[in-house]
1. Only one of (1) surrounded by 22 or more Cβ atoms within 10 Å (Cβ to Cβ); (2) in contact with a Pro (Cβ under 9 Å, 6 or more places away or on another chain); (3) among the acidic types (Asp, Glu) fails for ASP430. Which number is that?
2. Restricting to the range 65-94, and then to whatever is of a type in the set (Gly, Ala, Ser) and buried (at least 18 other Cβ atoms within 10 Å of the Cβ), can you tell me which residue is nearest to ALA134 (Cα to Cα)?
3. Yes or no: THR478 crowded, with 20+ Cβ neighbours inside 10 Å, more than 29 Å from ALA379 (Cα to Cα) and hydroxyl-bearing (Ser, Thr, Tyr)?
4. Just name the residue that is farthest from PHE191 (Cα to Cα) out of those in the range 264-295 that are surrounded by fewer than 20 Cβ atoms within 10 Å (Cβ to Cβ) and among the charged types (D, E, K, R).
5. Quick check: is even one residue across the range 420-427 in a loop (DSSP other than H, G, I, E, B), in contact with a Phe, Trp or Tyr (Cβ under 8 Å, 6 or more places away or on another chain), of a type in the set (S, T, N, Q) and buried (at least 19 other Cβ atoms within 10 Å of the Cβ)?
6. Out of the range 451-468, which residues are of a type outside the set (A, V, I, L, M), in contact (Cβ under 8 Å) with a residue 24 or more places away in the chain and farther than 25 Å from THR269 by Cβ?
7. Determine, yes or no, whether VAL535 is part of a loop (DSSP other than H, G, I, E, B), touching a residue at least 40 places away in the same chain (Cβ under 8 Å), more than 26 Å from GLU34 (Cα to Cα) and outside the structural domain of ALA321 (by TED's automatic domain parsing).
8. If you take the residues in the range 455-474 that are of a type in the set (Asp, Glu) and in a helix (DSSP H, G or I), which one is farthest from PHE512 (Cα to Cα)?
Amino acid sequence: MLPVVPRNYLGIGCSQDAPAIALVGSNGDLLFAESTERFLQYKRGWLCPPILPFYTAKIVKEYGEPNADIVAVTSWSKSYLEWAAGVRRSTDDPSVADSLSRQAQMIERSFYATPDLGLSQVRTCFDHHLCHAAAGCYTAPFEECVCVVVDAWGEGRSHAVYHYNKGKFTELDCGPTAVDSSGLGPSLGIFYEVLCDLCGFNHLKGEEWKVMGLSAYGAMDRELYRVLSDTITVSGLRLLQGSHYQDLLQLSRGEGGLAQFARLSGTPTIEAANIAFTGQAVFAEKMDQLLTNVFGLGLSKNLVLSGGCALNSSYNGQVLANTGFDRLHVWCAPSDDGNAVGAAYLAYLADTPTVSVPPKNVSPYLGSSPSAEALKHLACFGGIKGSWIDEQELPAYVAALLAQGKVVGWVQGRAEFGPRALGNRSILADPRIPDIKDRLNARVKFREEFRPFAPAILAECGAEYFQHYQESLYMERTQKFHSAAISKVPGVVHKDGTGRVQSVSLELNPKFYQLIKAFYLKTGVPLILNTSFNVMGKPIIHTVEDAVAVFYTSGLDVLVIDNFVIDKSKVI
C-alpha cells in the first residue's frame with residue numbers, strides 16, 4: 001500500500017498592498033504566516049509579489065510537512081478577475097484601470113511562480129470577503145457567531161455579513177451595490193482613506209493610524225460633520241450613497257465640497273485634530289448603525305469583525321457598549337495580509353469537508369525566528385560587549401533595566417503576524433515615566449509628537465486599570481483607563497484617557513508574560529509600554545541585522561535578542 005502523501009495549503013494574499021503568505025498543514029494547523037513587507041523591509045509591500053521564489057521555498061521547507069503536496073490558493077476569485085476586466089474596459093478613469101490591471105497581474109504572477117518552487121500544480125481561488133471572514137472566524141474562540149467584513153473595496157463590494165456556525169458560512173443578503181462609472185460604490189473603507197487625506201496624511205502609506213491618534217486631540221466640527229455624515233447612509237445591511245458621497249471620490253483632485261476642509265500643506269499637524277475627531281465620530285456612527293442592524297437579526301451575540309476597517313482600534317473598544325453584542329473577536333491580521341490565512345483555511349476545509357477548525361484563540365506568533373547563526377556572528381564579530389543571560393534570569397534582568405528608565409528593543413521567538421508588535425518584535429519602556437512618549441517619538445521612532453503607545457498588561461490585571469475591561473489579546477481595541485490609574489502609568493495614557501490595550505497571557509506568550517510579571521514584582525505596576533520595533537516609514541524588523549541597524553541608529557538603550565543583551569552604556 002502506497003504511503004499517504006500529506007497536503008499543505010499555501011495561502012497567497014495578493015492584494016496591491018499588504019501581500020502575504022500563509023501555510024496550513026494537513027491536520028488544519030496554521031503553520032506559518034508572514035507579510036511580504038517583513039522580508040523585503042519595504043513598508044506595506046506595495047505591488048510586490050507575495051511569492052518570492054527562493055524565500056518562499058525556504059519557508060515551505062522549514063515550516064511545512066516533509067514531502068507534502070502544496071495547494072496554492074489566492075484570496076481573489078476568478079469572477080473578480082472577470083469583473084475587473086470589465087471595469088477596465090468601461091471606465092474613463094485611467095488610475096482605476098491601471099490599478100485593476102496591476103491587481104490582476106499580481107494574482108496571475110503568484111500562480112506562475114509556484115511551479116518554479118517545485119510546488120504542486122494544484123491551485124484554487126476564493127472570494128476576497130469570504131477570505132476575510134475565514135481568517136476572522138477560524139481564529140476565534142467561537143463555535144458560532146456573526147461575522148461582519150468591512151473594508152475599502154473587493155470583488156465589487158465594500159462589506160459583507162456572514163452567519164458562522166460550526167465551521168460553515170451562510171452569507172446574508174446585503175442588497176445590490178450601486179457603483180458609478182469608476183466601479184466604486186459606498187465604502188466605509190474609502191471614507192476613512194479620504195479622512196486620512198483630509199488630515200494631510202497619505203492613505204497609500206497606511207497613515208490611517210495617525211488619524212486615530214490625532215482624533216484624541218480634537219473636537220467636533222459641526223459643518224464638517226454635516227457633510228461627512230451625508231456621504232454614506234446605512235439602511236438595514238446596506239450602505240447607500242448619500243448626497244455628498246461623490247465629494248469623497250473628488251477630493252484627490254482637489255474638487256468637491258470636502259476640499260474646503262482639508263488641512264493645507266505646511267500647516268501644523270495639530271490643526272487637523274478637529275477633522276480627525278469629527279471623521280472618527282462619523283465612522284463610528286455608521287459602524288454602530290450597521291452592527292446594531294446585524295445584531296437585530298437575532299442570529300448571535302458573538303461578533304467577529306474583519307476587513308481593513310477592523311484595524312480601527314479606537315472604534316473597536318466601543319462596539320460592545322453600543323451595538324448589543326456580548327463578545328467581540330478581532331484577529332491580529334484582519335486586513336488583506338490576513339486573507340492569506342483565510343484562503344489557506346478555506347482550501348483545507350474544501351478538501352476535508354467532514355473536519356472542522358476547533359474554536360480557540362489562535363497564536364499570532366506565526367512568522368520567522370531570528371537566525372541563531374546571525375546572532376552568534378553578532379556576538380563574535382560585532383566588536384561590541386554583550387552578555388548571554390540565563391533564560392530563567394532574563395525577565396528579572398530586563399525588568400530591572402526598564403525600571404531604570406532604559407528603552408529596550410526586545411526580539412524573541414517567532415515574529416507576530418499582522419501590523420502590531422505583540423511582545424516578540426517590540427520596543428519596551430517604563431510607562432511610569434511622564435515624558436517617555438515624547439522621548440520615544442523624538443529619539444527612537446522619529447515620528448509625530450501626538451502618536452501614542454500601547455499598554456501591554458497582564459491579562460488578569462486588566463480590570464484594575466481599565467473601565468469595563470475587555471480582554472484584548474491582539475492589541476485590537478482601545479479602552480478607557482480608570483481615573484485613579486492614569487497617574488500611575490502616564491506614558492501609555494492617550495490625550496482622551498484611553499490606551500490601546502494588549503492583554504498578555506501566559507498561554508499565548510510565556511516569555512513576554514514573565515517579563516511583565518517581573519516588572520510588576522519590582523515596581524507594583526503590571527504593565528509596560530509596548531510599541532513596534534521599527535522607525536517611522538519602515539516595517540517591523542525581520543532579521544538580527546535589521547534589529548542591530550535600528551538599535552545603532554536610534555535612541556534605544558538596550559537590545560535583547562533571545563538571551564543575548566547589548567547595553568549601550570556598557571559597550572566598549
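The values are calculated or read from the model by the stated rules, or taken from the named source; none is laboratory data. Since we're looking at a predicted model, the values are computed, not measured. When we count neighbours, we look across all protein chains shown, and the Cβ atoms used for this are built from the backbone with ideal geometry, even at glycine.
1. Result: ASP430 passes all but (2).
2. Among them, the one singled out is SER75.
3. It is true that THR478 is crowded, with 20+ Cβ neighbours inside 10 Å, more than 29 Å from ALA379 (Cα to Cα) and hydroxyl-bearing (Ser, Thr, Tyr).
4. Applying the filter and picking the extreme gives GLU271.
5. Checked against the condition, which is being in a loop (DSSP other than H, G, I, E, B), in contact with a Phe, Trp or Tyr (Cβ under 8 Å, 6 or more places away or on another chain), of a type in the set (S, T, N, Q) and buried (at least 19 other Cβ atoms within 10 Å of the Cβ), the range 420-427 yields at least one hit.
6. Of everything in the range 451-468, those that are of a type outside the set (A, V, I, L, M), in contact (Cβ under 8 Å) with a residue 24 or more places away in the chain and farther than 25 Å from THR269 by Cβ turn out to be CYS461, GLY462, GLU464, TYR465, PHE466, HIS468.
7. When the stated conditions are applied, VAL535 does not pass them.
8. For the range 455-474, the residue satisfying everything is GLU464.
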